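Peer 1: One structure is given below, represented as structure tokens, and several questions about it will come after.
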Amino acid sequence: MRIFYFDPDDKRRQVQTVYLENILNEVEVEVASQLAGPLGALAKLEHHTPFDLVLVVAPPSIAVFELYQQTQQKGTRVAFILMSEHSLSTFAGMEGFQSQNPKNDYVQLPIAPTDFREIILKSLSPSYGQRVIPAFQKVRLIHFLRFSKALCNVYVKLSNHKYVKVINAGSTFDRHDIEKYREKKVSHLYIRNDDFERFQVTIHETPFLTFQSDKMSEADLQKCLGNTHAILKEMILEIGITREIADLAEKSVDEIVNLAYQQQDLAELLKNMQLRLDYIYDHSFLTSIVCCEILKHMHWNTEDKVKKLVMAAILHDIKISDPNICKIDSSLDTRLQSYSTQERKAFFAHPMETSLLITGVDFISPEVASIILQHHETPEGDGFPNGLHHSKLSLLSCIFIVAHAFVQKNLELDFDPDQQNKIFEELIKRFSLGSFKSVLDAFSNLRA
């Protein structure tokens with residue numbers, strides 16, 4: 001069974017590909033994200049062996065009719081399904097395509113996973129008679145090390161045909177329960193697609209797993225932080241960061257946290273951030289590691305520079321309590337529209353307020369306050385709070401801003417090693433100006 005799937009939306013394509021791979025036994029899914037080019041959809045349809053189903057998810061700006069014509073030239077009645085948020089009438093040339101083959105279909109998005117599954121089966125299963133199996137999504141095993149209670153059923157995969165429940169919804173587990181799977185070289189556990197859809201599982205957003213931090217003792221919190229550091233380091237090592245640098249950053253983080261706890265205002269904010277163990281803490285810790293990696297490639301990783309950047313990484317979002325707004329990097333991001341005027345005002349002010357908070361603290365360099373003040377500035381000068389052009393930003397600030405952006409993108413993509421070239425290409429396009437360019441030139445060694 002061969003399915004061709006075209007979708008220019010990276011996030012949706014990744015999710016739907018997993019759905020497709022689990023709907024039927026022994027299914028092969030060929031994907032494409034662009035229309036033209038040697039790896040584009042048109043070339044793949046022309047040169048690859050025939051497909052049983054062509055699934056296209058696209059806006060009207062994509063020349064879908066070209067794809068449809070390509071499938072018809074093969075001389076076989078290939079099922080063709082078009083999905084879009086726009087009406088069929090907006091796709092030039094596609095009028096009446098459903099009548100040309102009873103398996104052809106048009107589907108208006110959005111669509112629930114169960115409905116998606118039924119539509120695919122309707123086009124394929126009557127003529128293939130293959131046994132349908134439940135669709136599951138895999139979740140990295142290391143995610144489970146951080147939590148102690150599952151809010152949905154969790155499964156282990158024994159074969160392509162068999163999944164066995166190993167953690168019941170609502171039950172607790174400990175590190176030992178998970179380590180036994182690691183010892184057996186199991187890298188993923190599985191949850192059902194409907195649970196995956198509800199919980200949107202990623203490294204920084206795993207609400208199907210939980211713990212009660214408000215009941216933690218100081219010792220429990222430190223143990224949990226230790227697990228968190230181990231998990232985050234394991235993720236970032238997969239994309240080429242060296243263990244030596246990750247360990248160096250962790251040591252610096254520990255030293256800086258101990259210093260911060262000696263300052264009353266910082267101590268309360270820092271403990272609140274640690275207790276949440278959410279995106280803000282993950283992002284801060286990982287940014288400190290990437291800053292150290294960049295310094296290494298710039299041959300500038302002195303103890304003084306390391307501590308300044310790590311301190312900025314740990315403290316830069318310490319006054320923010322909503323982890324979701326921290327995922328926003330630009331004042332032009334449309335997600336800001338979902339926040340109140342007061343929340344947006346506080347977000348735009350947090351670099352200045354945090355910088356003022358730490359100014360004058362005896363163990364914090366003025367350069368740290370400057371990095372924090374500038375961490376949402378951009379090369380073009382359209383950032384905030386001061387709209388500074390790249391020529392007005394310090395080299396340390398440029399390092400931090402690049403590391404900040406790199407971590408943010410990787411957290412969105414769950415530190416997928418296969419996405420690193422794409423991330424670097426985006427960074428190069430965004431930061432190839434002034435001091436930013438020298439930072440990227442050094443950091444690009446990570447891809448070597």
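Please treat every number below as a calculation from the coordinates, not as lab data. Owing to the predicted nature of the structure, the values given are computational and were not obtained by experimental measurement. As a convention, Cβ positions derive from the backbone with ideal geometry for all residues, glycine included, and neighbour counts pool all protein chains shown.
Peer 1: Between Ile119 and Asn160, how high is the FRET efficiency from 1/(1 + (r/R0)^6) when r is the Cβ-Cβ distance and R₀ = 22 Å? Nearest 0.05.
Peer 2: Once the sixth-power term is evaluated, E becomes 0.45.
Peer 1: What FRET efficiency do you get for Tyr106 and Lys271 if R0 is 60 Å and r is their Cβ-Cβ distance, rounded to the nearest 0.05?
Peer 2: FRET efficiency, Tyr106 to Lys271: 0.65.
Peer 1: Here's a follow-up. Compute the relative contact order of the chain as a whole-number percentage, counting only Cα pairs closer than 8 Å that sit 6 or more residues apart in sequence.
Peer 2: Numbers: 640 pairs, mean separation 44.0, N = 448.
Contact order relative to length: 10 percent.
Peer 1: Another question, then. Tell me whether the stretch 214-447 comes out rounded, prolate or oblate; compute the Cα gyration tensor, take square roots of the eigenvalues as a ≥ b ≥ c, and use a/c under 1.5 as the rounded threshold.
Peer 2: rounded
Peer 1: Would you mind calculating the gained length between Gln73 and Glu353 on full extension (0.36 nm times residue separation, minus the Cα-Cα distance), in nm to one decimal?
Peer 2: So the extension gain works out to 94.5 nm.
Peer 1: Near Val253, within a Cβ-to-Cβ distance under 12 Å, what is the net charge of the other residues, with Lys and Arg +1 and Asp and Glu -1?
Peer 2: Working: positive: Lys233, Lys251, Lys307; negative: Asp247, Glu250, Asp254, Glu255.
Summing Lys/Arg as +1 and Asp/Glu as -1 gives -1.
Peer 1: Separation between the Lys11 and Arg198 pseudo-spin-labels, each 7 Å from Cα along Cα→Cβ, expressed in nm?
Peer 2: With each label placed 7 Å out from Cα toward Cβ, I get 2.1 nm.
Peer 1: If you keep only loop residues by DSSP, which GluC sites (Glu not before Pro) in the stretch 284-387 have at most 13 other Cβ atoms within 10 Å of their Cβ? The partial results should precede the final answer.
Peer 2: Values: sites: Glu293, Glu303, Glu343, Glu353, Glu367, Glu377, Glu380; in loops: Glu377, Glu380.
Taking the stretch 284-387 and a limit of 13 other Cβ atoms within 10 Å, the loop GluC sites (Glu not before Pro) found are Glu380.
Peer 1: Which net charge results when you count Lys and Arg as +1 and Asp and Glu as -1 among the other residues whose beta-carbon is under 15 Å from that of Leu396? The partial results should precede the final answer.
Peer 2: Values: positive: Lys296, Lys305, Lys307, Lys308, Lys392; negative: Glu293, Glu303, Asp304, Glu367, Glu377.
That sum, taken over residues with Cβ under 15 Å, equals 0.
Peer 1: Would you work out the relative contact order for the stretch 2-128, in percent, from Cα pairs under 8 angstrom that are 6 or more residues apart? Intermediate results must be reported in sequence, preceding the final value.
Peer 2: Values: 186 pairs, mean separation 28.5, N = 127.
The normalised contact order for the stretch 2-128 reaches 22 percent.
Peer 1: How long is the gain from Val18 to Ile428 if the chain were fully straight, where each residue apart is worth 0.36 nm and the alpha carbon distance is subtracted?
Peer 2: Fully extending the segment from Val18 to Ile428 adds 144.6 nm.
Peer 1: Related question: So what is the 222 nm mean residue ellipticity for the chain from helices alone, if each DSSP H run of at least 4 adds -39500 (n - 2.57) and you divide by all residues, rounding to the nearest 500 deg cm²/dmol?
Peer 2: After summing the helix terms and dividing by residue count, I get -15000 deg cm²/dmol.
Peer 1: Right, something else. So which of Lys185/Lys251; Lys11/Lys122; Lys11/Lys308; Lys138/Lys184; Lys180/Lys233; Lys157/Lys223 end up more than 23 Å apart, counting from Cα to Cα?
Peer 2: Lys185/Lys251; Lys11/Lys122; Lys11/Lys308; Lys157/Lys223
Peer 1: Less than 12 Å Cβ to Cβ from Asp416, Lys/Arg counted +1 and Asp/Glu -1: what total charge do the surrounding residues give?
Peer 2: The answer is -1.
Peer 1: For Glu343 and Lys251, what does the FRET efficiency come to when R0 = 25 Å and r is the distance between their Cβ atoms, rounded to the nearest 0.05?
Peer 2: Values: r = 36 Å, r/R0 = 1.43.
Computed FRET efficiency for Glu343 and Lys251 comes out at 0.10.
Peer 1: At 0.36 nm per residue, minus the direct Cα-Cα distance, what do Ala43 and Leu259 gain on full extension? Give it in nm, one decimal, please.
Peer 2: Full extension from Ala43 to Leu259 adds 71.9 nm.
Peer 1: Is the chain rounded, prolate or oblate when judged by the Cα gyration tensor, a ≥ b ≥ c being the square roots of its eigenvalues, rounded requiring a/c under 1.5 and prolate requiring a/b larger than b/c?
Peer 2: Prolate, because a/c is 1.5 or more and a/b exceeds b/c.
Peer 1: Could you let me know the centre-to-centre spacing of the stretch 408-422 and the stretch 355-391, using Cα atoms, in angstrom?
Peer 2: When both Cα centres are located, 26 Å separates them.
Peer 1: For labels at Gln98 and Lys319 in the simple 7 Å Cα→Cβ model, what's the distance in nm?
Peer 2: Those two pseudo-labels are separated by 5.5 nm.
Peer 1: Can you tell me how the stretch 2-128 classifies by the Cα gyration tensor, rounded, prolate or oblate, using a/c under 1.5 as the rounded cut?
Peer 2: Rounded is the answer for the stretch 2-128, as its axis ratio a/c remains below 1.5.
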